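The values are calculated or read from the model by the stated rules, or taken from the named source; none is laboratory data. The structure displayed is predicted, hence computed values, not measured ones. In this analysis, Cβ positions are derived from the backbone assuming ideal geometry, glycine residues included, and neighbour counts consider all displayed protein chains. Note: areas computed on protein heavy atoms with side chains; ligands, DNA, RNA excluded. Shrake-Rupley method; radii C 1.70, N 1.55, O 1.52, S 1.80 Å.
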Amino acid sequence: MTVALVLLTLLVGAWLLAVIEAWLTTGRLRPVAPLLAGLSHLGRESILARKPDRLFFETAPVLLLVVAVLGAAVLPLAPDLVIADLATGALFLNAVLAYVLVSLIMAGWGPNGAYAMVGGWRFLGQLIAYSMLIVMPITATAMRAESLLNSAIVESQAGLWNIVYQPLGFVLFFIAAIALAFRSPFDLPTAPGELAGGVDAEYTGVRLAVLRLARLVMVITLSAATTVFFLGGWQGPLLPPWAWSLIKTLAVAVSMLLVGFYLPRIREADLLGWCWKLGIPLALLNILIVGLLILVVP
């Protein structure tokens, strides 16, 4: 039952995100548009490249979707609404997200096309830039909770959410999450108007539908992770716990979309330089500040 509820939540969240994204882009609110677009993809012919690596080409979209779902499996939406509340849940999430790179490299290599391959290798550059900014803020939240259990991290924020306790960690994690989901301004792997779609370029039909669904689910998963680690998870007045989780997750997801509407695309070299020269020192500073707070404040 829990598995079905979590999967349904991911699907509904992906649908809502697609509706909001289309609304922000076109100015028209059409709730059925994502469903019609999905059906149209299912009805189209799935065209193969001339000389693809068939295994990589077929596996990449499915792997990206599986990674997004596995990440959501360890994130509690309520005290009793989590698929697997692992003792090392925070570490498991970080390990699973590493396979986003694998799926995009496969999507870039599989079609044997120039644009797709450039997009895949660009994401490798992004990974080198943002990867430490994913794990280090998570480390700081686990320090405060004295546990890698995600539900314990939520409970540790009962008196004060981590967005207030460690705002620097929140900002760094939020930026890294956008880069991990390769949303604008960190959409270098797809780069509309520059790479003709990048890793999406050679996908059509059902394969493209799965790939786009996976991207939406990935945003929902990362938004839920931000909620768990920094926004108090299911905690809130009046409403039931699961409702607070959904509201916060959707708010973070929408904010991820809005960022891309106001910032230009960032070159991978600039992203790498900023993350290593500024982001990692700030993440270390955040860990130091949290450590001192733990020692000084009971």
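Test ALA116 against the criterion of being touching an Asp or Glu at 6+ places or on another chain (Cβ under 8 Å) and either without any contact (Cβ under 8 Å) to a residue 40 or more places away in the chain or assigned to a helix (DSSP H, G or I) (or both), and give yes or no. Spelling it out, ALA116 is indeed touching an Asp or Glu at 6+ places or on another chain (Cβ under 8 Å) and either without any contact (Cβ under 8 Å) to a residue 40 or more places away in the chain or assigned to a helix (DSSP H, G or I) (or both). Scanning region 132-153 for residues that are of a type in the set (S, T, N, Q) and in contact with a Cys (Cβ under 7 Å, 6 or more places away or on another chain) yields no hits at all. The single residue among ALA177, ALA191 that is in contact (Cβ under 8 Å) with a residue 40 or more places away in the chain and either more than 30 Å from ALA114 (Cα to Cα) or part of a loop (DSSP other than H, G, I, E, B) (or both) turns out to be ALA191. Applying a threshold of 7 Å to beta carbon distances and a minimum spacing of six or more residues, or different chains, the list of pairs starting in region 230-248 at a residue that is farther than 16 Å from LEU16 by Cα and ending at one that is at pLDDT below 90 and among the aliphatic types (A, V, I, L, M) reads TRP234/LEU77; TRP234/ALA78; GLN235/ALA158; PRO241/ALA78; TRP242/LEU77; TRP242/ALA78; TRP242/LEU81. LEU86 meets each of the listed conditions (1) touching a residue at least 40 places away in the same chain (Cβ under 8 Å); (2) open to solvent by 60 Å² or more (accessible area, probe 1.4 Å); (3) more than 21 Å from TRP234 (Cβ to Cβ) apart from (3).
Scoring ALA18 on the criteria (1) outside any helix (DSSP H, G or I); (2) at pLDDT below 85; (3) crowded, with 19+ Cβ neighbours inside 10 Å leaves a single failure, condition (1). Considering region 154-164, and only residues there that are touching a residue at least 60 places away in the same chain (Cβ under 8 Å) and part of a loop (DSSP other than H, G, I, E, B), the residue that is most open to solvent (accessible area, probe 1.4 Å) turns out to be TRP161. Of the residues making up region 272-280, not a single one is over 23 Å from TRP121 (Cβ atoms) and among the β-branched types (Val, Ile, Thr).
For (1) open to solvent by 40 Å² or more (accessible area, probe 1.4 Å); (2) modelled with pLDDT of 90 or more; (3) under 25 Å from ALA129 (Cα atoms), each residue gets a yes or a no:
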| site | (1), (2), (3) |
| --- | --- |
| SER147 | no, no, no |
| ALA152 | no, yes, no |
| GLN166 | no, yes, yes |
| ALA179 | no, no, yes |
| GLU194 | yes, no, yes |
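For region 117-145, the set of residues classified as hydrophobic (A, V, I, L, M, F, W, C), within 15 Å of the chain's Cα centre (by Cα), open to solvent by less than 10 Å² (accessible area, probe 1.4 Å) and over 22 Å from VAL82 (Cβ atoms) consists of PHE123, LEU133, listed by residue number. The residue that is farthest from the chain's Cα centre (by Cα), counting only those in region 1-26 that are of a type in the set (Ser, Thr, Tyr) and within 23 Å of TYR262 (Cβ to Cβ), is THR26. Filtering region 268-290 for residues that are surrounded by fewer than 18 Cβ atoms within 10 Å (Cβ to Cβ) and outside any helix (DSSP H, G or I) leaves an empty set. Listed by first and then second residue, the pairs with beta-carbon distance under 9 Å, at least 6 apart or on different chains, first residue in region 53-73 and within 13 Å of VAL100 (Cβ to Cβ) and basic (Lys, Arg), second part of a helix (DSSP H, G or I) and open to solvent by 60 Å² or more (accessible area, probe 1.4 Å), form an empty list.
Being open to solvent by 10 Å² or more (accessible area, probe 1.4 Å), without any contact (Cβ under 8 Å) to a residue 40 or more places away in the chain and outside any helix (DSSP H, G or I) is a property that ALA95 lacks. Within region 268-279, being charged (D, E, K, R) and in contact (Cβ under 8 Å) with a residue 12 or more places away in the chain holds for one residue alone: GLU268.
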